[in-house]
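Values in this text are rule-based calculations from the coordinates and carry no lab data. Note that this is a predicted model, so its numbers are computed, not measured. We place every Cβ from the backbone using ideal geometry, glycine too, and count neighbours over all the protein chains shown.
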Amino acid sequence: MRAFLLPSLLVLGLGLPALAQAPSEPAAAAAPDESWLSYPGPEAPAPPPDPRPVRSVPSQFSRRDVEARVPAEPLKPNRVSLYGGRLLEPGKLGAGAMLGFPLASVRLSVGLLPWLDAGLGADSLYGIMNEVRGYVRLGILSGEEAHLAFSIEGGHAFFLNSPSEEQYGARYFTGRRNWNVAPGFVGSVLLGKRSRGFLDVRYLLAFDTQPYQENPLGGVPDGVQMGGNLLFRGGLEVPFSERTSYLVMVGGNIQGRDEDASFMPVVGIGVVTGF
């Protein structure tokens with residue numbers, strides 16, 4: 001009996017580890033979670049619109065700030081001058097008007113060549129005398145800051161009264177007569193960054209075609225009498241845009257006829273513009 005039990009126990013002890021190492025039956029597969037099959041699920045309905053107005057949030061940089069950061073185009077130099085020594089560029093037009101004492105005037109000029117421009121003008125002693133003039137300017141010197149030109153003007157004047165009817169009239173104040181020619185020199189120089197100072201010096205030859213006998217014993221006067229006056233003008237052309245300038249002028253006439261004022265001051269303000 002003991003001999004039988006020992007071998008049986010030995011076989012049982014050797015078989016237990018083998019049974020422990022035997023593979024177990026495969027577990028049944030777990031059922032899938034069907035809640036994931038429809039992920040992410042039906043779309044939620046959109047919320048109703050908010051009746052309150054939507055305020056836009058201002059940007060960190062406004063349009064004005066952006067424009068301020070863009071460098072402005074530099075101002076172009078003003079090259080339109082009618083009263084100084086700078087000539088108009090070929091094909092360009094210039095116009096000027098001035099009110100003052102003793103004359104008010106207007107003029108229109110056109111550039112013909114790099115060294116020549118010409119124009120027409122009119123002077124008026126506020127209706128007592130009116131003169132239509134033509135003029136040319138010939139460039140002599142031209143630089144970045146200074147210019148010099150020779151100018152000659154000529155015109156015909158119309159007087160409200162005859163010489164015998166006036167004593168202190170248009171002839172007395174202006175020194176002009178029926179026909180007038182005034183050659184001279186005009187110079188200008190740049191003052192500061194933009195303003196142009198100018199000086200105009202010329203000699204006025206006045207031809208009187210209406211002489212009259214002042215003294216009964218003086219004899220019959222010549223058909224044409226000539227007189228001379230020295231004219232000088234100085235002033236500023238102050239540009240405020242690329243083509244337009246303010247004009248300020250002062251000066252005087254030294255008049256050679258005995259019946260005229262020996263000296264007549266001249267002042268004027270106006271504007272000059274180009275096209």
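Descriptive notes on the structure:
- Computed about the Cα centre, the dipole magnitude for the range 159-248 is approximately 600 debye when only Lys and Arg (+1) and Asp and Glu (-1) carry charge, each at its Cβ.
- With both labels modelled 7 Å from their Cα along Cα-to-Cβ, the Arg243 to Phe275 distance reads 0.9 nm.
- If you look at the Cα atoms of the range 113-250, you get an Rg and a Dmax of 18.3, 62 Å.
- Dipole orientation for the range 163-212: of the candidates Ala182, Leu199, Ser164, Leu199 has the Cα lying most toward the positive pole (charges on Cβ; Lys, Arg +1; Asp, Glu -1).
- Between Gly274, Val250, Gly227, the Cα set farthest toward the positive side of the dipole of the range 196-275 (charges on each charged residue's Cβ, about the Cα centre) is that of Gly274.
- Convex hull volume per residue for the range 171-246, taking Cα atoms only, in Å³: 107
- Cα-based shape type of the range 133-190, given that a ≥ b ≥ c are square roots of the gyration tensor eigenvalues and the cut on a/c is 1.5: prolate
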